[in-house]
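S.K.: Sharing a structure below in structure tokens format, with a few things to ask.
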Amino acid sequence: MQQNLTIAQIRVIATLAATRRVNMTARELAITQPSVSKHLATLESRYGHRLFDRQGQFFVPTELCERLLPRLRTLLALADELGAELDGLRGLREGRLRVGYSTHQFVMHVLGAFMDSFRGIKIEARCMASFDLLDKLRAGNLDAAFVTMPGAEADLHMLELRREELVLMTGPDHPLAGKDSISLRDLSAWPLIQREVTSGTRRTLEANAVREGAALNTVLDLGSWESMRDAVAAGIGVGVVMAGEICEDRKMRSIRIQTGRGKVLTVGHYLVCVSEARDLATIKALFDLTERVAVSTTLP
């Protein structure tokens, strides 16, 4: 009779996919290197498929392995939850939640409310561009992320928190500061400061510019909203941000960006996790609380 897949084997596969080295996997799991190799060989032999390609000392996940990893990681998280609950440690009284966010203005009140509600859960929060966060989420390095995206993606469980206009940000003395709106084509005439290429705001802007045939003049890439704001204030150029990022900043001016047909540009801000993890206790609690406390923005 064929044996079932074990939690120990799943841990080896998930850890090896993260470390890509047998010795590092053995060290992290506190087992021997031969044990790691045996677990892997047993699985590949049993199912007749390679899970890793060997490249010297490195083990690179195959396409099959990459496809299985989100579910394997979810099974491990469920096993950890069950074990903790059986030991009387869970009930959201203890645990860890790794969260990423791209826009601090939309997130800090949510994280604060979660920490007040679940004081035993340790939060690890990281700020970076939206599509960098999505890469980390899919690789299992984050449990959930607050990201800016054009729309839904099939492998993610998503909660839309707000819908935002993309606006041009200028200083109060800039020649454009008195305008109500600007077209994408007219924007091409001005030096543009943008977030890195993995920014959700930037990807949305540039996709619309391509459709409009507008050649944007990006002169500076920056890694944070604060640095972009400072660069705009210094007169280096103009920036494109979400309206909610500067709504209370009296030193900045916002100008509506329109397509050739007079349509305003919008983007969604979401809380996301991989679909397989949506029912894990801590992640479900984060989604439930976020839905209650997040402020939705309705566009005119």
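S.K.: Sort out which residues of segment 241-259 are more than 27 Å from E153 (Cα to Cα) and either part of a loop (DSSP other than H, G, I, E, B) or open to solvent by less than 20 Å² (accessible area, probe 1.4 Å) (or both), and write them in order of number.
M.R.: I246, C247, E248, D249, R250, K251, M252, I255
S.K.: Could you say whether any residue in segment 193-209 is more than 26 Å from L134 (Cβ to Cβ) and open to solvent by 40 Å² or more (accessible area, probe 1.4 Å)?
M.R.: no
S.K.: Taking segment 268-284, which residues are part of a strand (DSSP E or B) and surrounded by fewer than 21 Cβ atoms within 10 Å (Cβ to Cβ)?
M.R.: G268, the sole residue that qualifies.
S.K.: Within segment 6-41, how many residues are in contact (Cβ under 8 Å) with a residue 24 or more places away in the chain, loosely packed, with under 15 Cβ neighbours inside 10 Å and among the β-branched types (V, I, T)?
M.R.: Residues that pass the stated criteria total 1.
S.K.: Something else: If I filter segment 94-143 down to residues being β-branched (V, I, T) and buried (at least 20 other Cβ atoms within 10 Å of the Cβ), which single residue comes out as nearest to S224 (Cα to Cα)? Even if it seems obvious, please write down each step before you answer.
M.R.: Taking segment 94-143 as the starting set, the residues that turn out to be β-branched (V, I, T) are 99, 103, 107, 110, 121, 123.
In the following step, the residues that additionally are buried (at least 20 other Cβ atoms within 10 Å of the Cβ) were identified as 99, 103, 107, 110.
Values: V99: 18, T103: 9, V107: 15, V110: 20 Å.
Looking at the filtered set, the residue picked out is T103.
S.K.: Now for a different question. Limited to segment 214-240, what total is found for residues that are open to solvent by less than 50 Å² (accessible area, probe 1.4 Å) and either more than 24 Å from L133 (Cβ to Cβ) or in a helix (DSSP H, G or I) (or both)?
M.R.: 9
The values are calculated or read from the model by the stated rules, or taken from the named source; none is laboratory data. Only a predicted model underlies this, so the values are computations on that prediction, with no experimental measurement involved. Positions of Cβ are generated from backbone atoms using ideal geometry, with glycine treated the same way; all protein chains shown enter the neighbour counts. Ligands, DNA and RNA are stripped out before the accessible areas are found, and what is left, the full protein with its side chains, is counted by its heavy atoms. Shrake-Rupley method; radii C 1.70, N 1.55, O 1.52, S 1.80 Å.
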